[in-house]
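K.L.:
My questions will all concern the structure given below.
The values are calculated or read from the model by the stated rules, or taken from the named source; none is laboratory data. Being a predicted model, the structure only gives us computed values, none of them experimental. Here Cβ is always computed from backbone atoms with ideal geometry, including for glycine, and neighbour counts include all displayed protein chains.
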Amino acid sequence: MTLKNLGDVSYFRLNNEINRPVDGKIPLHKDREALRAFFLENVKPNTKVFDSITDKINYLIEEDYIEREFISKYSPDFIEKLAALLQSQKFRFKSFMAAYKFYQQYALKTNDGDYYLESIEDRVLFNALYFADGIEQLAEDLAMEMIHQRYQPATPSFLNAGRSRRGELVSCFLIQVTDDMNAIGRAINSALQLSRIGGGVGISLSNLREAGAPIKGYAGAASGVVPVMKLFEDSFSYSNQLGQRQGAGVVYLSVFHPDIIAFLSTKKENADEKVRVKTLSLGLTVPDKFYELARNNEDMYLFSPYTVEKEYGVPFNYIDITEKYDELVANPRITKTKIKARDLETEISKLQQESGYPYIVNIDTANRHNPIDGKIIMSNLCSEILQVQTPSQLNDAQEFVKMGTDISCNLGSTNIVNMMTSPDFGRSIKAMTRALTFVTDSSSIDAVPTVKYGNSQAHTFGLGAMGLHSYLAQHHIEYGSPESIEFTDIYFMLMNYWTLVESNNIARERQTTFAGFEKSQYADGTYFDKYVTGQFVPKTDRVKELFEGHFIPQAKDWEALRQAVMKDGLYHQNRLAVAPNGSISYINDCSASIHPITQRIEERQEKKIGKIYYPANGLSTDTIPYYTSAYDMDMRKMIDVYAAATEHVDQGLSMTLFLRSELPKELYEWKTESKQTTRDLSILRNYAYNKGIKSIYYVRTFTDDGEEVGSNQCESCVI
């Protein structure tokens, strides 16, 4: 960018003064001074000015900055009124980081980079007009949700909506590979294409035959999953979005795959360069049976996907290992290898200590809570997308004999701090559901037919939440306390209720449901069994007070919804997922996702300019005691909070574990020494599993020298 010589500005210096206490106090006013200076020195002199929004829009269309089509669906008079309404809300960024992130990452700029062409009101306006698809009242509703920061579209949607030269509205995908060369070749091409358009890609390799398995009857011919991993890593490195940033992918493998040890070894620091993967992420799918075998300190058998598919006629991913384990062990036609379950558990913990990997998907837990007919087999780069998939069949020309279903992630997030002041919680969620419906209906990834087909069948989206710790701290509630857990439970229950209501409304309007609705637990009504008991209502006085004025559905309301859904269906196969968040939590001035903050004053290293300091939203003398860092918190408290949300989320929640290399003994009663051990990680993974957690993202360890292990989040997926 050529906007203004960064050496001539004062706002970075002012922001950095936050990190220099004065008389033992944090000079938070310096951030407000930095914010004012940023607008005076950067935004105001470098913004192209127009006489009216109509003049601006005409210019942007004529110069090929925005599309004409979505603008033409509205009258100029309506657009002028909506733009004036947005201006009248008098939006103000609350921190320097928020404003800086918006103008550097989201605001439209001239081709030469000399001028800003958008304010946040303009970006909100174009998002609202684009997602409302010509419906004026919806456009107004969405504009109000976004300008009051109750709703925030994911980065690819917020950034690209309405632009002429844009990327996709989605940037996260899941594909699986079946056990043949045509499928591997097609998957590598898919990874290249998805990376080219900015996507983070999750890939399941569990179906592939293990190293040493036969090929066409020749024993020992197969090379296993590791060489395929290297091919995918090279693909992502090559397809790097015009050199702007590295492509990103994660490969998932079942813990019962014979290549599991070799798979984990690829991420070790001392791994041979021939097998080491540096940029590819690793994830494991872990069935209930593994936890049982490890708990009982038993041997475990690893099963050949080649012989399993030959025996059962379906890819390895579609075998229920927990159910079939004893049968597989007893079957002499299934090739198997024996290891100690606890040895594998220790290897997983060692690698998490060293690198933050692998991610963990408790696959039986995910499927047990899956109301859709079919099988969840994997997740994405941030481990929150959990949807059913079906395998494809290809011929030697790599043409589809049978088209399977793969996944694209259509994401957005509520801001809990502001949603709790919404004049109508239900109306807010309904508007968000409509916006995300437009995204899923408009996404067409032609380069990867299985993703396109899967999206067209399922109409899925993932509405999530951020700002939980901000909200709790500002209301003097300790994160992880009973009140925080109860609050989280009710908040996500409401999100579930209202997205179901609106999905049902859309299905009724369009006379269309997602494919396979009739085989789902929604269709037979059993999904609603736990809700019609009336148990999901505020119980303590404190939480009743927090939700005062908000409609809380009672048993009769859930029963009425059940009957409506059984009659008219749902348009969306999946509706809820909690992503880790990244830039969008900064521009919303709230804590990321639903995890605790990591620092009261967060230090961010920004490319080319150095450090920026970001104080937690609402940080004050009163709230400091409630802003405990995740690194100084018993992770079981965080898991308890996530478990409360999981009760209502039909997909997953991206949950990171935050630990120190030296763990305080007072936090964890089993500790006999302060040093973090593999046993600590094993205990926490098992605790999460027993609490019903579906997935664990990174394990981030804060070391003695101030470094973080496992903190390199994928930019494609932090939305």
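K.L.:
Within the stretch 42-79, can you find the residues that are among the polar types (S, T, N, Q) and more than 30 Å from Ser10 (Cα to Cα)?
P.N.:
Restricting attention to the stretch 42-79, the residues satisfying the condition of being among the polar types (S, T, N, Q) are 42, 46-47, 52, 54, 58, 72, 75.
Answer for the stretch 42-79, where residues must be among the polar types (S, T, N, Q) and more than 30 Å from Ser10 (Cα to Cα): Ser52, Thr54, Asn58, Ser72, Ser75.
K.L.:
Being at positive phi and modelled with pLDDT of 95 or more is the filter here; which residues of the stretch 76-117 pass it?
P.N.:
Going residue by residue through the stretch 76-117, those that are at positive phi are 90, 113.
Within the stretch 76-117, just Lys90 meets the criteria.
K.L.:
With the condition being over 19 Å from Gly480 (Cβ atoms), I'd like the strands (runs of 3 or more DSSP E) fully within the stretch 578-685 carrying at least 1 qualifying residues. Break it down stepwise before answering.
P.N.:
Working: elements: 601-606, 610-615, 657-660.
Filter on the stretch 578-685 gives 601-606, 610-615.
K.L.:
Would you check which residues across the stretch 672-702 are in contact with a Gly (Cβ under 8 Å, 6 or more places away or on another chain) and more than 16 Å from Arg660 (Cα to Cα) and list them?
P.N.:
Pass one, the stretch 672-702, residues in contact with a Gly (Cβ under 8 Å, 6 or more places away or on another chain): 694-695, 698-701.
The answer is Lys694, Ser695.
K.L.:
Now for a different question. Go through (1) touching a residue at least 60 places away in the same chain (Cβ under 8 Å); (2) buried (at least 20 other Cβ atoms within 10 Å of the Cβ); (3) out of contact with any Phe, Trp or Tyr (no Cβ under 9 Å at 6 or more places or on another chain); (4) not basic (Lys, Arg) one by one and return the number of the condition Glu269 breaks.
P.N.:
Glu269 satisfies all of (1) touching a residue at least 60 places away in the same chain (Cβ under 8 Å); (2) buried (at least 20 other Cβ atoms within 10 Å of the Cβ); (3) out of contact with any Phe, Trp or Tyr (no Cβ under 9 Å at 6 or more places or on another chain); (4) not basic (Lys, Arg) except (2).
K.L.:
Out of Gly525, Gly462, Gly534, Gly467, I need the residue that is at positive phi and either touching a strand residue (DSSP E or B) at 6+ places or on another chain (Cβ under 9 Å) or hydroxyl-bearing (Ser, Thr, Tyr) (or both). Which one? Walk me through it before giving the result.
P.N.:
Values: Gly525 fails: either touching a strand residue (DSSP E or B) at 6+ places or on another chain (Cβ under 9 Å) or hydroxyl-bearing (Ser, Thr, Tyr) (or both); Gly462 fails: at positive phi; Gly534 fails: either touching a strand residue (DSSP E or B) at 6+ places or on another chain (Cβ under 9 Å) or hydroxyl-bearing (Ser, Thr, Tyr) (or both).
Just one listed residue meets the conditions, Gly467.
K.L.:
Collect the residues in the stretch 361-402 that are surrounded by fewer than 17 Cβ atoms within 10 Å (Cβ to Cβ), modelled with pLDDT of 95 or more and assigned to a loop (DSSP other than H, G, I, E, B), keeping them in residue-number order.
P.N.:
Those that are surrounded by fewer than 17 Cβ atoms within 10 Å (Cβ to Cβ), modelled with pLDDT of 95 or more and assigned to a loop (DSSP other than H, G, I, E, B): Pro371, Asp373.
K.L.:
If you don't mind, there's one more thing I want to ask. With respect to Ser629, is the statement that it is among the hydroxyl-bearing types (Ser, Thr, Tyr), surrounded by fewer than 21 Cβ atoms within 10 Å (Cβ to Cβ), modelled with pLDDT of 95 or more and in contact with a Lys or Arg (Cβ under 9 Å, 6 or more places away or on another chain) true? Steps first, please.
P.N.:
Working: among the hydroxyl-bearing types (Ser, Thr, Tyr): yes; surrounded by fewer than 21 Cβ atoms within 10 Å (Cβ to Cβ): yes; modelled with pLDDT of 95 or more: yes; in contact with a Lys or Arg (Cβ under 9 Å, 6 or more places away or on another chain): yes.
Answer is yes for this residue.
K.L.:
Tell me, please, whether a residue that is touching a Lys or Arg at 6+ places or on another chain (Cβ under 9 Å) and not hydrophobic (A, V, I, L, M, F, W, C) can be found in the stretch 179-202. Working first, answer last.
P.N.:
Step one: list which residues in the stretch 179-202 are touching a Lys or Arg at 6+ places or on another chain (Cβ under 9 Å), which gives 179, 198.
Subsequent filtering for residues that are not hydrophobic (A, V, I, L, M, F, W, C) retains 179, 198.
Scanning the stretch 179-202, I find at least one residue that is touching a Lys or Arg at 6+ places or on another chain (Cβ under 9 Å) and not hydrophobic (A, V, I, L, M, F, W, C), so the answer is yes.
K.L.:
Looking only at the stretch 169-195, count every residue that is under 25 Å from Phe438 (Cβ atoms) and among the hydrophobic types (A, V, I, L, M, F, W, C) and tell me the total.
P.N.:
Counting residues in the stretch 169-195 that are under 25 Å from Phe438 (Cβ atoms) and among the hydrophobic types (A, V, I, L, M, F, W, C) gives 7.
K.L.:
Sticking with this structure for a sec: Just for helices (runs of 4 or more DSSP H) wholly inside the stretch 21-112: which have at least 2 residues that are farther than 25 Å from Thr155 by Cα and not hydrophobic (A, V, I, L, M, F, W, C)?
P.N.:
Working: elements: 29-38, 53-62, 68-71, 76-88, 96-101.
Qualifying helices (runs of 4 or more DSSP H): 29-38, 53-62, 76-88.
Every residue, every condition in (1) touching a helix residue (DSSP H, G or I) at 6+ places or on another chain (Cβ under 7 Å); (2) of a type outside the set (Asp, Glu); (3) buried (at least 16 other Cβ atoms within 10 Å of the Cβ); (4) within 21 Å of Ile147 (Cα to Cα), yes or no:
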site	(1), (2), (3), (4)
Arg13	no, yes, no, no
Ile57	yes, yes, yes, yes
Glu63	no, no, no, no
Ser88	no, yes, no, yes
Tyr106	yes, yes, yes, yes
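K.L.:
Still on this structure: For the stretch 416-523, which helices (runs of 4 or more DSSP H) that fit wholly inside it have 3 or more residues that are within 21 Å of Asp557 (Cβ to Cβ) and of a type in the set (A, V, I, L, M, F, W, C)?
P.N.:
On the way: elements: 416-419, 425-442, 449-458, 468-474, 482-510.
Filter on the stretch 416-523 gives 425-442, 482-510.
K.L.:
Is it the case, given these coordinates, that Asp320 is surrounded by fewer than 16 Cβ atoms within 10 Å (Cβ to Cβ), at negative phi, under 27 Å from the mean Cα position of the chain (by Cα) and acidic (Asp, Glu)? Steps first, please.
P.N.:
Values: surrounded by fewer than 16 Cβ atoms within 10 Å (Cβ to Cβ): yes; at negative phi: yes; under 27 Å from the mean Cα position of the chain (by Cα): yes; acidic (Asp, Glu): yes.
Criteria met by Asp320.
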